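The values are calculated or read from the model by the stated rules, or taken from the named source; none is laboratory data. Remember, predicted model here, so these are calculated numbers, not experimental data. Backbone-built Cβ (ideal geometry, glycine too); neighbour counts: all protein chains shown. Calculation scope for accessible area: heavy atoms of the full protein, side chains included, ligands and nucleic acids excluded. Shrake-Rupley method; radii C 1.70, N 1.55, O 1.52, S 1.80 Å.
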Amino acid sequence: MDYLKTVVPSQLLAERGSNLVVINPGSMNVRMGFASQDVPFNIPHCIARHKNDAPKLSVRDQRLNCRAGSTHNAERERAYDIIASMLKIPFLGEVSPSENQPLPPKMGRLDGLSSQQNKDDSILTWTDVMDKSIKASTSIERSVNSDADEDPSQSTSDHGNKPNSEESKYKEMIFGEDALKILPSAPYCLGRPIRRGHFNISQNYSLHQVLEDLRTIWNWMLTEKLHINPKDRHLYSAILVLGETFDNREMKEMLSIVLCDLGFSTAVVHQEALAAAFGNGLSTACVVNIGAQVTQVVCVEDGVALPHTALALPYGGDDISRCLLWVQQRHRTWPNFKTDPMKKPIDMLMLNKIKEGYSQIRVPPMGLLYPRLLIPEEFPPPPRPWFQDCDDMLEDTWQTNDGLSGNGGLGAWDSYQMLPTRVKKFDNIGLVEAIVSSVLSTGRVDLQRKLFCSIQLVGGAASTAGLAPVLEQRVLNTIPSNQPVEKVEVLQSRRNPLFIPWKGGVILGVLDTTRDAWIHREDWIKNGVHVGSGRKYKDSYFLQSQLMCYYNS
(Lines give C-alpha, C1' and ligand atoms only; values in the text may rest on other atoms or scores of the structure.)
Protein backbone atom coordinates (compact mmCIF):
# COMPACT_ATOMS: atom_id res chain seq x y z
CA MET A 1 0.00 0.00 0.00
CA ASP A 2 2.92 2.40 0.63
CA TYR A 3 3.96 1.89 -2.98
CA LEU A 4 0.42 2.48 -4.22
CA LYS A 5 0.23 5.79 -2.33
CA THR A 6 3.41 7.12 -3.92
CA VAL A 7 3.33 5.70 -7.44
CA VAL A 8 2.50 8.00 -10.36
CA PRO A 9 -0.70 6.87 -12.19
CA SER A 10 0.99 6.93 -15.60
CA GLN A 11 3.73 4.68 -14.26
CA LEU A 12 1.19 2.26 -12.80
CA LEU A 13 -0.68 2.08 -16.11
CA ALA A 14 2.57 1.42 -17.94
CA GLU A 15 3.48 -1.36 -15.52
CA ARG A 16 0.13 -3.12 -15.25
CA GLY A 17 -2.12 -1.86 -18.02
CA SER A 18 -0.21 -2.76 -21.15
CA ASN A 19 -1.17 -6.45 -21.01
CA LEU A 20 -4.75 -6.01 -19.70
CA VAL A 21 -7.71 -6.24 -22.08
CA VAL A 22 -11.05 -5.02 -20.70
CA ILE A 23 -14.20 -6.50 -22.27
CA ASN A 24 -17.65 -5.06 -21.49
CA PRO A 25 -20.27 -6.99 -23.55
CA GLY A 26 -23.81 -5.66 -23.94
CA SER A 27 -27.00 -6.45 -25.81
CA MET A 28 -26.37 -3.89 -28.54
CA ASN A 29 -22.63 -3.12 -28.40
CA VAL A 30 -19.46 -4.63 -26.99
CA ARG A 31 -16.76 -2.35 -25.63
CA MET A 32 -13.21 -3.70 -25.74
CA GLY A 33 -9.77 -2.16 -25.38
CA PHE A 34 -6.44 -2.16 -23.60
CA ALA A 35 -6.35 -0.80 -20.05
CA SER A 36 -3.86 1.78 -21.31
CA GLN A 37 -6.38 3.19 -23.82
CA ASP A 38 -8.38 6.31 -23.05
CA VAL A 39 -11.60 4.91 -24.59
CA PRO A 40 -12.43 1.42 -25.87
CA PHE A 41 -13.60 0.29 -29.26
CA ASN A 42 -17.40 0.35 -29.26
CA ILE A 43 -18.67 -2.13 -31.86
CA PRO A 44 -22.23 -3.39 -32.53
CA HIS A 45 -22.38 -6.84 -30.90
CA CYS A 46 -23.49 -8.81 -33.95
CA ILE A 47 -22.27 -11.00 -36.78
CA ALA A 48 -23.70 -11.75 -40.23
CA ARG A 49 -22.88 -15.13 -41.73
CA HIS A 50 -23.28 -16.01 -45.40
CA LYS A 51 -25.90 -18.69 -45.99
CA ASN A 52 -26.18 -20.37 -49.36
CA ASP A 53 -29.74 -21.45 -48.61
CA ALA A 54 -30.84 -18.04 -47.34
CA PRO A 55 -32.73 -16.08 -50.03
CA LYS A 56 -32.34 -12.79 -48.15
CA LEU A 57 -31.04 -11.23 -44.94
CA SER A 58 -32.68 -12.89 -41.95
CA VAL A 59 -32.52 -12.37 -38.19
CA ARG A 60 -32.11 -15.48 -36.05
CA ASP A 61 -34.56 -14.55 -33.29
CA GLN A 62 -37.17 -12.96 -35.56
CA ARG A 63 -39.90 -15.40 -34.53
CA LEU A 64 -39.62 -14.23 -30.93
CA ASN A 65 -40.46 -10.67 -31.94
CA CYS A 66 -44.16 -10.02 -31.43
CA ARG A 67 -46.11 -6.99 -32.52
CA ALA A 68 -47.97 -4.86 -30.03
CA GLY A 69 -51.69 -5.64 -29.90
CA SER A 70 -54.66 -3.32 -29.53
CA THR A 71 -54.40 -3.41 -25.72
CA HIS A 72 -50.75 -2.41 -25.79
CA ASN A 73 -51.43 0.40 -28.25
CA ALA A 74 -54.25 1.73 -26.06
CA GLU A 75 -51.94 1.73 -23.04
CA ARG A 76 -49.27 3.49 -25.07
CA GLU A 77 -51.66 6.21 -26.20
CA ARG A 78 -52.86 6.75 -22.61
CA ALA A 79 -49.25 7.05 -21.46
CA TYR A 80 -48.58 9.53 -24.27
CA ASP A 81 -51.59 11.61 -23.27
CA ILE A 82 -50.34 11.77 -19.67
CA ILE A 83 -46.93 12.96 -20.82
CA ALA A 84 -48.43 15.39 -23.34
CA SER A 85 -50.57 16.93 -20.60
CA MET A 86 -47.58 17.40 -18.30
CA LEU A 87 -45.30 18.82 -20.98
CA LYS A 88 -48.09 20.88 -22.58
CA ILE A 89 -47.66 19.48 -26.06
CA PRO A 90 -50.40 18.38 -28.50
CA PHE A 91 -52.17 15.10 -27.86
CA LEU A 92 -52.11 12.37 -30.49
CA GLY A 93 -55.61 13.23 -31.66
CA GLU A 94 -54.98 16.96 -32.00
CA VAL A 95 -54.04 18.72 -35.22
CA SER A 96 -53.13 15.58 -37.13
CA PRO A 97 -51.85 16.87 -40.48
CA SER A 98 -52.38 15.12 -43.76
CA GLU A 99 -49.51 13.48 -45.58
CA ASN A 100 -49.11 16.45 -47.96
CA GLN A 101 -49.63 19.14 -45.32
CA PRO A 102 -46.53 20.70 -43.73
CA LEU A 103 -45.97 20.33 -39.99
CA PRO A 104 -47.72 23.09 -37.99
CA PRO A 105 -45.34 25.29 -35.96
CA LYS A 106 -46.74 24.18 -32.59
CA MET A 107 -45.89 20.55 -33.40
CA GLY A 108 -42.32 21.27 -34.34
CA ARG A 109 -40.81 19.26 -31.47
CA LEU A 110 -43.38 16.57 -30.90
CA ASP A 111 -40.85 13.94 -31.88
CA GLY A 112 -38.65 14.79 -28.93
CA LEU A 113 -35.82 16.07 -31.11
CA SER A 114 -33.58 18.94 -30.15
CA SER A 115 -34.01 22.19 -32.04
CA GLN A 116 -30.26 22.26 -32.63
CA GLN A 117 -29.87 20.96 -36.17
CA ASN A 118 -26.21 21.87 -36.69
CA LYS A 119 -24.87 18.32 -36.51
CA ASP A 120 -23.48 16.56 -39.56
CA ASP A 121 -25.83 14.00 -41.05
CA SER A 122 -23.81 11.11 -42.41
CA ILE A 123 -25.27 9.03 -45.22
CA LEU A 124 -25.53 5.31 -44.57
CA THR A 125 -24.56 3.10 -47.48
CA TRP A 126 -25.04 -0.61 -47.99
CA THR A 127 -22.13 -2.86 -47.08
CA ASP A 128 -20.17 -4.43 -49.93
CA VAL A 129 -20.62 -8.14 -49.20
CA MET A 130 -18.38 -9.36 -52.02
CA ASP A 131 -14.84 -10.53 -51.38
CA LYS A 132 -12.43 -7.78 -52.39
CA SER A 133 -10.06 -10.23 -53.96
CA ILE A 134 -12.64 -11.17 -56.58
CA LYS A 135 -14.35 -8.67 -58.84
CA ALA A 136 -18.10 -8.84 -58.72
CA SER A 137 -20.17 -8.51 -61.88
CA THR A 138 -22.19 -5.63 -60.49
CA SER A 139 -21.91 -3.21 -57.66
CA ILE A 140 -24.27 -3.84 -54.77
CA GLU A 141 -23.42 -0.74 -52.81
CA ARG A 142 -26.40 1.59 -52.75
CA SER A 143 -27.55 4.49 -50.68
CA VAL A 144 -29.84 3.72 -47.76
CA ASN A 145 -32.19 6.37 -49.10
CA SER A 146 -33.21 3.99 -51.91
CA ASP A 147 -36.02 1.53 -51.33
CA ALA A 148 -34.51 -1.55 -49.67
CA ASP A 149 -37.38 -3.71 -50.88
CA GLU A 150 -36.82 -3.17 -54.58
CA ASP A 151 -36.01 -6.15 -56.77
CA PRO A 152 -32.21 -6.32 -57.06
CA SER A 153 -32.45 -8.20 -60.36
CA GLN A 154 -34.09 -5.17 -61.95
CA SER A 155 -31.29 -2.82 -60.95
CA THR A 156 -28.60 -5.16 -62.23
CA SER A 157 -30.28 -5.48 -65.60
CA ASP A 158 -30.36 -1.71 -65.89
CA HIS A 159 -26.57 -1.58 -65.76
CA GLY A 160 -26.22 -3.99 -68.63
CA ASN A 161 -22.89 -5.25 -67.30
CA LYS A 162 -21.56 -8.55 -68.53
CA PRO A 163 -20.35 -11.10 -66.00
CA ASN A 164 -16.62 -11.07 -65.33
CA SER A 165 -14.41 -14.03 -66.09
CA GLU A 166 -13.79 -14.50 -62.38
CA GLU A 167 -16.52 -16.02 -60.23
CA SER A 168 -18.07 -13.76 -57.60
CA LYS A 169 -17.69 -14.77 -53.96
CA TYR A 170 -19.53 -13.58 -50.88
CA LYS A 171 -17.71 -12.74 -47.67
CA GLU A 172 -18.25 -15.56 -45.20
CA MET A 173 -18.64 -13.29 -42.14
CA ILE A 174 -19.29 -9.60 -41.63
CA PHE A 175 -19.03 -7.90 -38.24
CA GLY A 176 -20.19 -4.82 -36.37
CA GLU A 177 -21.90 -1.93 -38.09
CA ASP A 178 -21.15 -3.38 -41.50
CA ALA A 179 -23.30 -6.39 -40.57
CA LEU A 180 -26.22 -4.05 -39.86
CA LYS A 181 -25.94 -2.39 -43.27
CA ILE A 182 -26.27 -5.47 -45.45
CA LEU A 183 -28.77 -5.24 -48.29
CA PRO A 184 -31.96 -7.11 -47.29
CA SER A 185 -31.82 -9.17 -50.49
CA ALA A 186 -28.33 -10.51 -49.67
CA PRO A 187 -28.06 -14.15 -48.48
CA TYR A 188 -26.95 -13.51 -44.91
CA CYS A 189 -28.20 -14.42 -41.45
CA LEU A 190 -27.69 -11.82 -38.71
CA GLY A 191 -27.04 -13.03 -35.17
CA ARG A 192 -27.01 -11.04 -31.94
CA PRO A 193 -25.65 -13.36 -29.23
CA ILE A 194 -26.95 -11.21 -26.35
CA ARG A 195 -30.46 -9.79 -26.02
CA ARG A 196 -32.14 -8.12 -23.05
CA GLY A 197 -29.13 -8.84 -20.87
CA HIS A 198 -29.06 -12.62 -21.50
CA PHE A 199 -27.84 -15.08 -24.10
CA ASN A 200 -30.18 -14.82 -27.08
CA ILE A 201 -31.19 -18.48 -27.08
CA SER A 202 -34.28 -19.59 -28.97
CA GLN A 203 -35.49 -22.35 -31.28
CA ASN A 204 -33.72 -20.53 -34.10
CA TYR A 205 -30.59 -19.65 -32.14
CA SER A 206 -29.04 -22.53 -30.23
CA LEU A 207 -26.69 -22.25 -27.27
CA HIS A 208 -23.89 -23.67 -29.40
CA GLN A 209 -24.42 -21.00 -32.08
CA VAL A 210 -24.63 -18.21 -29.50
CA LEU A 211 -21.29 -19.24 -28.01
CA GLU A 212 -19.73 -19.64 -31.45
CA ASP A 213 -20.87 -16.15 -32.44
CA LEU A 214 -19.54 -14.66 -29.19
CA ARG A 215 -16.08 -16.16 -29.59
CA THR A 216 -15.97 -15.24 -33.29
CA ILE A 217 -16.92 -11.59 -32.68
CA TRP A 218 -14.49 -11.20 -29.79
CA ASN A 219 -11.69 -12.92 -31.68
CA TRP A 220 -12.27 -10.59 -34.64
CA MET A 221 -12.02 -7.54 -32.39
CA LEU A 222 -8.87 -8.80 -30.70
CA THR A 223 -7.24 -9.49 -34.06
CA GLU A 224 -8.50 -6.61 -36.21
CA LYS A 225 -8.97 -3.83 -33.66
CA LEU A 226 -6.44 -4.56 -30.90
CA HIS A 227 -4.01 -6.36 -33.24
CA ILE A 228 -3.28 -9.17 -30.78
CA ASN A 229 -2.07 -12.25 -32.61
CA PRO A 230 -3.73 -15.47 -31.34
CA LYS A 231 -0.34 -17.03 -30.62
CA ASP A 232 0.49 -14.11 -28.30
CA ARG A 233 -2.75 -14.16 -26.27
CA HIS A 234 -1.05 -16.05 -23.43
CA LEU A 235 0.86 -12.85 -22.68
CA TYR A 236 -2.36 -10.98 -21.88
CA SER A 237 -5.01 -11.00 -19.14
CA ALA A 238 -8.71 -10.26 -19.62
CA ILE A 239 -11.14 -8.35 -17.44
CA LEU A 240 -14.81 -9.16 -18.03
CA VAL A 241 -17.15 -6.36 -16.91
CA LEU A 242 -20.58 -7.99 -16.86
CA GLY A 243 -24.04 -6.68 -16.10
CA GLU A 244 -25.98 -8.02 -13.13
CA THR A 245 -28.62 -9.56 -15.42
CA PHE A 246 -26.30 -12.37 -16.54
CA ASP A 247 -26.81 -15.73 -14.87
CA ASN A 248 -23.79 -17.50 -13.49
CA ARG A 249 -23.81 -20.17 -16.15
CA GLU A 250 -23.67 -17.43 -18.76
CA MET A 251 -20.70 -15.94 -16.96
CA LYS A 252 -19.00 -19.34 -16.83
CA GLU A 253 -19.51 -19.77 -20.57
CA MET A 254 -17.97 -16.36 -21.26
CA LEU A 255 -15.04 -17.19 -18.98
CA SER A 256 -14.51 -20.40 -20.93
CA ILE A 257 -14.51 -18.42 -24.18
CA VAL A 258 -11.91 -15.96 -22.84
CA LEU A 259 -9.63 -18.55 -21.26
CA CYS A 260 -10.08 -21.68 -23.36
CA ASP A 261 -10.96 -20.38 -26.83
CA LEU A 262 -9.32 -16.95 -27.01
CA GLY A 263 -6.25 -18.10 -25.05
CA PHE A 264 -5.83 -15.44 -22.36
CA SER A 265 -3.52 -16.48 -19.53
CA THR A 266 -5.73 -15.15 -16.72
CA ALA A 267 -9.15 -13.54 -16.40
CA VAL A 268 -11.41 -11.99 -13.78
CA VAL A 269 -15.07 -10.98 -13.64
CA HIS A 270 -16.17 -7.61 -12.24
CA GLN A 271 -19.73 -6.40 -11.74
CA GLU A 272 -20.83 -3.62 -14.06
CA ALA A 273 -22.41 -1.58 -11.26
CA LEU A 274 -19.28 -1.71 -9.13
CA ALA A 275 -17.11 -0.88 -12.13
CA ALA A 276 -19.38 2.07 -12.98
CA ALA A 277 -19.01 3.50 -9.48
CA PHE A 278 -15.23 3.24 -9.63
CA GLY A 279 -15.20 4.59 -13.16
CA ASN A 280 -16.58 7.85 -11.80
CA GLY A 281 -14.28 7.88 -8.77
CA LEU A 282 -16.99 6.83 -6.29
CA SER A 283 -17.07 4.11 -3.65
CA THR A 284 -20.74 4.65 -2.70
CA ALA A 285 -23.48 5.40 -5.22
CA CYS A 286 -26.85 4.39 -6.62
CA VAL A 287 -25.80 3.25 -10.08
CA VAL A 288 -28.44 3.59 -12.81
CA ASN A 289 -27.18 1.90 -15.97
CA ILE A 290 -29.46 2.66 -18.94
CA GLY A 291 -28.37 0.21 -21.58
CA ALA A 292 -29.72 -0.47 -25.04
CA GLN A 293 -32.26 -3.09 -23.95
CA VAL A 294 -32.03 -3.31 -20.15
CA THR A 295 -31.84 -0.71 -17.39
CA GLN A 296 -30.15 -1.81 -14.16
CA VAL A 297 -30.33 -0.12 -10.76
CA VAL A 298 -27.86 -1.28 -8.07
CA CYS A 299 -26.66 0.44 -4.91
CA VAL A 300 -22.95 0.29 -4.07
CA GLU A 301 -21.63 0.93 -0.55
CA ASP A 302 -17.92 1.24 0.22
CA GLY A 303 -16.92 -0.65 -2.91
CA VAL A 304 -19.44 -3.48 -2.51
CA ALA A 305 -22.59 -3.93 -4.62
CA LEU A 306 -25.61 -4.68 -2.40
CA PRO A 307 -27.45 -7.68 -3.94
CA HIS A 308 -30.84 -6.97 -2.36
CA THR A 309 -30.96 -3.54 -4.03
CA ALA A 310 -30.55 -4.85 -7.59
CA LEU A 311 -33.38 -4.18 -10.03
CA ALA A 312 -33.52 -4.93 -13.76
CA LEU A 313 -35.97 -3.05 -15.97
CA PRO A 314 -36.76 -4.56 -19.42
CA TYR A 315 -36.31 -1.42 -21.48
CA GLY A 316 -33.54 0.87 -22.67
CA GLY A 317 -32.26 3.02 -25.49
CA ASP A 318 -33.53 0.77 -28.29
CA ASP A 319 -37.07 1.08 -26.95
CA ILE A 320 -36.72 4.86 -26.94
CA SER A 321 -35.63 4.75 -30.59
CA ARG A 322 -38.68 2.70 -31.60
CA CYS A 323 -40.90 5.02 -29.57
CA LEU A 324 -39.40 7.95 -31.47
CA LEU A 325 -40.48 6.31 -34.72
CA TRP A 326 -43.95 5.57 -33.34
CA VAL A 327 -44.54 9.20 -32.33
CA GLN A 328 -43.35 10.45 -35.72
CA GLN A 329 -45.55 8.01 -37.59
CA ARG A 330 -48.61 8.80 -35.46
CA HIS A 331 -48.26 12.48 -36.29
CA ARG A 332 -47.39 11.75 -39.92
CA THR A 333 -44.11 13.60 -39.64
CA TRP A 334 -42.02 10.60 -40.70
CA PRO A 335 -41.02 10.35 -44.39
CA ASN A 336 -43.33 8.19 -46.47
CA PHE A 337 -41.20 5.07 -46.84
CA LYS A 338 -41.19 1.71 -45.15
CA THR A 339 -39.27 1.69 -41.86
CA ASP A 340 -39.19 -1.56 -39.90
CA PRO A 341 -36.55 -1.67 -37.14
CA MET A 342 -37.64 -5.18 -36.18
CA LYS A 343 -36.82 -6.72 -39.56
CA LYS A 344 -34.30 -4.27 -41.04
CA PRO A 345 -31.20 -3.79 -38.86
CA ILE A 346 -30.14 -0.72 -40.81
CA ASP A 347 -33.41 1.00 -39.89
CA MET A 348 -32.68 0.44 -36.20
CA LEU A 349 -29.15 1.73 -36.74
CA MET A 350 -30.55 4.87 -38.36
CA LEU A 351 -33.06 5.46 -35.55
CA ASN A 352 -30.35 5.05 -32.91
CA LYS A 353 -28.14 7.58 -34.66
CA ILE A 354 -31.03 10.08 -34.77
CA LYS A 355 -31.79 9.50 -31.09
CA GLU A 356 -28.15 9.82 -30.02
CA GLY A 357 -27.65 12.98 -32.03
CA TYR A 358 -30.81 14.94 -31.25
CA SER A 359 -32.97 13.36 -28.56
CA GLN A 360 -33.85 15.29 -25.40
CA ILE A 361 -36.22 14.61 -22.50
CA ARG A 362 -39.44 15.23 -24.40
CA VAL A 363 -41.78 12.39 -25.33
CA PRO A 364 -39.79 9.25 -26.27
CA PRO A 365 -37.18 9.47 -23.46
CA MET A 366 -40.04 10.03 -20.99
CA GLY A 367 -40.79 6.36 -21.58
CA LEU A 368 -38.07 5.67 -19.01
CA LEU A 369 -40.47 7.15 -16.46
CA TYR A 370 -43.63 5.76 -18.09
CA PRO A 371 -42.61 2.37 -19.54
CA ARG A 372 -46.08 1.74 -21.00
CA LEU A 373 -45.07 4.22 -23.70
CA LEU A 374 -42.23 1.91 -24.80
CA ILE A 375 -44.10 -1.43 -25.03
CA PRO A 376 -41.08 -3.69 -24.37
CA GLU A 377 -43.25 -6.66 -25.38
CA GLU A 378 -42.25 -5.87 -28.96
CA PHE A 379 -38.83 -7.23 -28.09
CA PRO A 380 -39.38 -9.66 -25.18
CA PRO A 381 -36.57 -11.15 -23.07
CA PRO A 382 -35.47 -14.63 -24.13
CA PRO A 383 -36.86 -17.62 -22.22
CA ARG A 384 -34.90 -18.69 -19.17
CA PRO A 385 -35.01 -22.50 -18.81
CA TRP A 386 -31.35 -22.91 -19.81
CA PHE A 387 -29.62 -21.05 -17.00
CA GLN A 388 -30.68 -21.87 -13.47
CA ASP A 389 -27.77 -21.88 -11.07
CA CYS A 390 -27.36 -22.01 -7.32
CA ASP A 391 -24.70 -19.27 -7.39
CA ASP A 392 -25.35 -15.56 -7.39
CA MET A 393 -23.12 -13.01 -9.07
CA LEU A 394 -23.61 -10.43 -6.34
CA GLU A 395 -22.52 -12.68 -3.50
CA ASP A 396 -19.15 -11.95 -1.92
CA THR A 397 -17.71 -15.28 -3.05
CA TRP A 398 -18.84 -18.13 -5.25
CA GLN A 399 -17.15 -21.39 -6.09
CA THR A 400 -17.99 -24.22 -8.45
CA ASN A 401 -16.51 -27.62 -9.03
CA ASP A 402 -18.61 -29.24 -11.71
CA GLY A 403 -16.03 -31.68 -13.06
CA LEU A 404 -15.32 -29.49 -16.04
CA SER A 405 -13.87 -31.14 -19.10
CA GLY A 406 -10.95 -29.96 -21.18
CA ASN A 407 -13.17 -27.77 -23.35
CA GLY A 408 -14.12 -25.57 -20.40
CA GLY A 409 -16.88 -27.79 -19.07
CA LEU A 410 -19.38 -27.35 -21.88
CA GLY A 411 -20.00 -31.09 -22.03
CA ALA A 412 -20.55 -31.35 -18.30
CA TRP A 413 -23.00 -28.44 -18.32
CA ASP A 414 -25.20 -30.12 -20.93
CA SER A 415 -26.57 -32.25 -18.07
CA TYR A 416 -26.26 -29.53 -15.45
CA GLN A 417 -28.64 -30.14 -12.56
CA MET A 418 -31.36 -27.52 -12.28
CA LEU A 419 -31.16 -26.02 -8.81
CA PRO A 420 -33.29 -23.30 -7.22
CA THR A 421 -31.76 -19.88 -7.59
CA ARG A 422 -32.20 -16.55 -5.92
CA VAL A 423 -34.95 -14.72 -7.75
CA LYS A 424 -33.62 -11.64 -9.48
CA LYS A 425 -36.08 -8.80 -9.78
CA PHE A 426 -37.08 -7.96 -13.37
CA ASP A 427 -39.85 -5.42 -13.02
CA ASN A 428 -41.65 -3.29 -15.56
CA ILE A 429 -41.85 -0.20 -13.37
CA GLY A 430 -40.73 3.33 -14.11
CA LEU A 431 -37.16 4.43 -13.55
CA VAL A 432 -38.09 6.82 -10.73
CA GLU A 433 -39.92 4.12 -8.77
CA ALA A 434 -37.00 1.73 -9.35
CA ILE A 435 -34.46 4.20 -7.93
CA VAL A 436 -36.59 4.95 -4.86
CA SER A 437 -37.28 1.26 -4.25
CA SER A 438 -33.62 0.29 -4.61
CA VAL A 439 -32.33 2.97 -2.24
CA LEU A 440 -35.03 2.48 0.40
CA SER A 441 -34.35 -1.28 0.42
CA THR A 442 -31.02 -0.59 2.13
CA GLY A 443 -32.96 0.05 5.35
CA ARG A 444 -30.52 2.57 6.83
CA VAL A 445 -31.36 6.27 6.92
CA ASP A 446 -27.76 7.46 6.84
CA LEU A 447 -26.98 5.32 3.80
CA GLN A 448 -30.24 6.28 2.08
CA ARG A 449 -29.42 9.98 2.39
CA LYS A 450 -25.97 9.36 0.96
CA LEU A 451 -27.27 7.29 -1.94
CA PHE A 452 -30.04 9.75 -2.88
CA CYS A 453 -27.31 12.39 -3.20
CA SER A 454 -25.08 10.08 -5.22
CA ILE A 455 -27.26 8.88 -8.10
CA GLN A 456 -25.02 8.00 -11.02
CA LEU A 457 -26.33 7.70 -14.59
CA VAL A 458 -24.33 5.56 -17.02
CA GLY A 459 -25.07 3.98 -20.38
CA GLY A 460 -25.86 5.48 -23.76
CA ALA A 461 -29.27 6.95 -22.88
CA ALA A 462 -27.77 8.63 -19.80
CA SER A 463 -26.58 11.43 -22.11
CA THR A 464 -30.18 12.45 -22.94
CA ALA A 465 -30.42 16.21 -22.50
CA GLY A 466 -32.45 17.24 -19.45
CA LEU A 467 -32.75 13.73 -17.97
CA ALA A 468 -30.79 14.45 -14.76
CA PRO A 469 -32.89 17.40 -13.46
CA VAL A 470 -36.13 15.57 -14.28
CA LEU A 471 -34.98 12.55 -12.29
CA GLU A 472 -33.90 14.72 -9.35
CA GLN A 473 -37.28 16.41 -9.09
CA ARG A 474 -39.38 13.28 -9.58
CA VAL A 475 -37.32 11.08 -7.25
CA LEU A 476 -37.59 13.71 -4.51
CA ASN A 477 -41.36 13.94 -5.00
CA THR A 478 -41.72 10.14 -4.97
CA ILE A 479 -39.88 9.51 -1.71
CA PRO A 480 -42.47 8.79 1.03
CA SER A 481 -43.11 11.73 3.33
CA ASN A 482 -42.12 9.71 6.39
CA GLN A 483 -38.57 9.31 5.06
CA PRO A 484 -36.13 11.97 6.37
CA VAL A 485 -34.62 12.77 2.96
CA GLU A 486 -34.42 16.42 1.95
CA LYS A 487 -32.15 16.33 -1.11
CA VAL A 488 -31.71 14.30 -4.28
CA GLU A 489 -28.75 14.78 -6.60
CA VAL A 490 -27.76 13.15 -9.88
CA LEU A 491 -23.99 13.37 -10.18
CA GLN A 492 -22.50 14.45 -13.47
CA SER A 493 -20.28 11.87 -15.13
CA ARG A 494 -16.64 12.77 -15.50
CA ARG A 495 -16.45 11.00 -18.84
CA ASN A 496 -18.75 9.72 -21.57
CA PRO A 497 -21.43 7.77 -19.59
CA LEU A 498 -21.30 5.01 -22.21
CA PHE A 499 -17.72 4.12 -21.29
CA ILE A 500 -17.84 4.59 -17.50
CA PRO A 501 -18.26 0.85 -16.64
CA TRP A 502 -15.43 -0.05 -19.02
CA LYS A 503 -13.16 2.56 -17.46
CA GLY A 504 -14.08 1.24 -14.02
CA GLY A 505 -12.97 -2.21 -15.16
CA VAL A 506 -9.62 -0.64 -16.07
CA ILE A 507 -9.27 0.86 -12.60
CA LEU A 508 -10.26 -2.34 -10.81
CA GLY A 509 -7.82 -4.34 -12.93
CA VAL A 510 -4.94 -1.98 -12.25
CA LEU A 511 -5.69 -1.73 -8.53
CA ASP A 512 -5.92 -5.49 -8.05
CA THR A 513 -2.40 -6.05 -6.76
CA THR A 514 -2.75 -9.48 -5.17
CA ARG A 515 -4.62 -11.05 -8.12
CA ASP A 516 -6.24 -13.51 -5.69
CA ALA A 517 -9.51 -13.37 -7.64
CA TRP A 518 -7.91 -13.95 -11.02
CA ILE A 519 -8.46 -17.26 -12.78
CA HIS A 520 -5.55 -18.99 -14.48
CA ARG A 521 -6.26 -20.73 -17.74
CA GLU A 522 -4.82 -24.06 -16.58
CA ASP A 523 -6.84 -23.98 -13.34
CA TRP A 524 -10.05 -23.19 -15.18
CA ILE A 525 -9.59 -26.02 -17.67
CA LYS A 526 -8.70 -28.46 -14.93
CA ASN A 527 -10.96 -27.50 -12.02
CA GLY A 528 -13.26 -24.65 -13.03
CA VAL A 529 -12.72 -23.05 -9.61
CA HIS A 530 -13.15 -19.34 -9.15
CA VAL A 531 -13.27 -17.10 -6.11
CA GLY A 532 -15.67 -14.29 -6.95
CA SER A 533 -15.17 -10.60 -7.51
CA GLY A 534 -17.52 -9.26 -4.85
CA ARG A 535 -14.63 -7.82 -2.90
CA LYS A 536 -14.04 -4.51 -1.16
CA TYR A 537 -11.73 -1.94 -2.73
CA LYS A 538 -12.14 0.72 -0.06
CA ASP A 539 -8.49 0.53 0.96
CA SER A 540 -7.40 1.49 -2.57
CA TYR A 541 -9.63 4.57 -2.76
CA PHE A 542 -6.67 6.94 -2.47
CA LEU A 543 -5.01 5.54 -5.58
CA GLN A 544 -8.39 5.35 -7.31
CA SER A 545 -8.81 9.11 -6.89
CA GLN A 546 -5.32 9.63 -8.29
CA LEU A 547 -6.15 7.53 -11.32
CA MET A 548 -9.34 9.43 -12.01
CA CYS A 549 -7.50 12.76 -11.80
CA TYR A 550 -4.98 11.37 -14.28
CA TYR A 551 -7.69 10.13 -16.67
CA ASN A 552 -9.54 13.45 -16.66
CA SER A 553 -6.52 15.71 -16.93
Averaging the inverse of every distinct alpha carbon separation and then flipping it gives the Kirkwood radius. What is it for the stretch 448-518, in angstrom units?
14.3 Å
Cleavage-rule hits (chymotrypsin sites (Phe, Trp or Tyr not before Pro)) in the stretch 284-376: DSSP loop, at most 13 neighbouring Cβ within 10 angstrom:
Phe337
Rounded, prolate or oblate: which one fits the stretch 172-272, using the alpha carbon gyration tensor with axes a ≥ b ≥ c (rounded when a/c is under 1.5, else prolate when a/b beats b/c, else oblate)?
oblate
Inter-part gap, Cα centre of the stretch 322-369 to Cα centre of the stretch 298-314, in whole angstrom, is 31 Å
Of Cys46, Cys260, which has the most accessible area with a 1.4 Å probe, and how do the rest follow in descending order?
Cys260, Cys46
Got a number for the accessible area of Thr223? Probe 1.4 Å, square angstrom, nearest 10.
50 Å²
Classified through the alpha carbon gyration tensor (a ≥ b ≥ c as square roots of its eigenvalues; rounded if a/c is under 1.5, else prolate when a/b is larger than b/c, else oblate), the stretch 200-351 comes out oblate
A 22 angstrom limit on the alpha carbon distance is what I want to check against. Which of Lys225/Lys344; Lys51/Lys225; Lys51/Lys181; Lys169/Lys338; Lys51/Lys343 exceed it?
Lys225/Lys344; Lys51/Lys225; Lys169/Lys338
